[in-house]
Amino acid sequence: MNASDLDTRGYTVVERLITPAQCDALAGMYAAEDRFRSRVVMARHGFGQGEYKYFRYPLPDLLAGLRTTMYPRLAPIANRWNAALGLKARFPEKHAQFLRRCHAAGQRRPTPLLLQYRAGDYNCLHQDLYGEHVFPLQLTILLSEPGKDFSGGEFVMTEQRPRMQSRAEVVPLGKGDAVVFAVHHRPVQGTRGVYRVNLRHGVSRVRSGRRHTAGIIFHDAK
């Protein structure tokens with residue numbers, strides 16, 4: 001994982017974070033209703049087209065392990081960003097400690113999820129905020145093979161800087177790759193000091209096939 005990419009672009013790609021077999025196993029869980037606490041059809045809420053499901057606790061071992069092991073690698077970056085932005089919140093070393101903070105504030109519902117897109121589906125630009133306590137980084141893993149399982153469906157980010165037009169970036173991913181990215185804002189060093197830029201992410205229209213992704217968000221939801 002390249003921390004300097006997070007600082008300069010707001011995201012970094014971790015290639016082959018999980019194996020193709022692990023991708024297939026995760027995608028195959030989509031039909032297992034007992035694994036999930038809720039299902040969201042995006043068109044009903046104006047979120048886009050497609051659908052996603054939030055896992056219930058206990059999470060699948062793979063996702064639970066990634067949530068636990070990735071968090072301590074990201075927490076120092078999150079703390080550095082908050083310090084640069086003048087925000088008071090600091091994040092503990094271990095994910096379990098942060099979850100206890102979330103749960104004490106009523107954020108007890110797990111947020112890791114599986115997303116499914118078919119031809120014509122897309123995800124509008126958004127931010128994954130679920131309550132008072134927000135960990136400022138998250139990750140998405142592509143579980144399908146571009147060009148084979150689907151076409152189109154690119155991961156897209158936009159960045160809005162003060163008094164400037166928004167900047168868009170398409171992040172190419174392969175099966176098993178993960179993109180780690182800012183949830184809602186990050187610090188940028190300017191000529192007059194540090195300023196805040198706001199980010200949103202989404203998925204462009206899938207042109208053919210079926211696309212699955214897994215999302216790992218480190219804070220839980222109210």
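Odds and ends about this structure:
- Whenever a residue of the stretch 83-97 is without any contact (Cβ under 8 Å) to a residue 24 or more places away in the chain, its partners that are part of a helix (DSSP H, G or I) and charged (D, E, K, R), lying with C-beta atoms within less than 9 angstrom and at least six residues away or across chains, give the pairs Pro92/Arg100; Pro92/Arg101.
- From the options Leu115, Leu87, residue that is of a type in the set (A, V, I, L, M, F, W, C) and crowded, with 16+ Cβ neighbours inside 10 Å: Leu115
- You will find that of Gly174, Gly153, the residue that is crowded, with 18+ Cβ neighbours inside 10 Å, of a type in the set (Gly, Ala, Ser) and either in contact with a Gly (Cβ under 6 Å, 6 or more places away or on another chain) or more than 30 Å from Cys102 (Cα to Cα) (or both) is Gly153 and no other.
- With respect to the conditions (1) at negative phi; (2) in contact with a Lys or Arg (Cβ under 9 Å, 6 or more places away or on another chain), Arg192 lacks only one, and its number is (2).
- Val134 being surrounded by 18 or more Cβ atoms within 10 Å (Cβ to Cβ) and modelled with pLDDT of 95 or more: yes
- Scan of the stretch 1-58 for residues that are under 16 Å from Gln138 (Cβ atoms), open to solvent by less than 30 Å² (accessible area, probe 1.4 Å) and either in contact with a His (Cβ under 6 Å, 6 or more places away or on another chain) or in a helix (DSSP H, G or I) (or both), ordered by number: Leu6
- One residue stands out among those in the stretch 64-84 that are among the charged types (D, E, K, R) and open to solvent by 20 Å² or more (accessible area, probe 1.4 Å): the one that is farthest from the chain's Cα centre (by Cα), which is Arg80.
- The residue that is modelled with the lowest pLDDT, counting only those in the stretch 184-218 that are part of a loop (DSSP other than H, G, I, E, B) and more than 28 Å from Asp24 (Cβ to Cβ), is Thr191.
- Residues satisfying the stated conditions in the stretch 90-112, i.e. open to solvent by 20 Å² or more (accessible area, probe 1.4 Å) and touching a Pro at 6+ places or on another chain (Cβ under 7 Å): Glu93, Lys94
The values are calculated or read from the model by the stated rules, or taken from the named source; none is laboratory data. As the structure is a prediction and not an experimental result, all values here were calculated from the model. Methodologically, a virtual Cβ is constructed for each residue, glycine included, from the backbone with ideal geometry; neighbour enumeration extends over all protein chains shown. Note: accessible area is taken over every heavy atom of the protein model, side chains too, but ligands, DNA and RNA are not part of it. Shrake-Rupley method; radii C 1.70, N 1.55, O 1.52, S 1.80 Å.
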